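Report on the structure given below.
Throughout, read-outs are computed from the coordinates displayed, never taken from laboratory work. If you're wondering where the values come from, they're calculated on a predicted model, not measured in any experiment.
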């Protein structure tokens, strides 16, 4: 069985096949572009959200640093070092001992005088 075609019929079939292929390629290409745009927009959205979170984290870190520096500045006024406490207690005890000695001397003098 043979098919006989005229030249114009062959050209028409060739044009129909080519236009179908070109149309299919265009449809596929538009779908690929649409998919790429969605992926890029999703990626950009994720990048923006990560950037916002990073900015917030940096602000939180700065606030913590500020609070820590304020704590370090206030620490000498709020807390007494162990050595300072011992030194203060030693001075107080020495003064109390001196007062006790004076009282004993006074008591001894009064005891002798009576």
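List of remarks:
- Helix-only CD estimate at 222 nm, as mean residue ellipticity for the chain, using -39500 (n - 2.57) per DSSP H run (n ≥ 4): -34500 deg cm²/dmol
- Crossing angle, helix 82-113 versus the chain [Cα axis fit, 0-90 degrees, rounded to tens]: 10
- Projected over every direction and averaged, the convex hull enclosing the alpha-carbon atoms of the chain yields 16.8 nm².
- Gain in span if fully extended, residue 8 to residue 96, counting 0.36 nm per residue against the direct Cα distance: 18.9 nm
- Stretch gain in nm, segment residue 35-residue 78, where the contour uses 0.36 nm per residue and the Cα spacing is subtracted: 9.2 nm
- Angle between the chain longest axis and helix 7-78 axis [Cα atoms, degrees, rounded to 10]: 0
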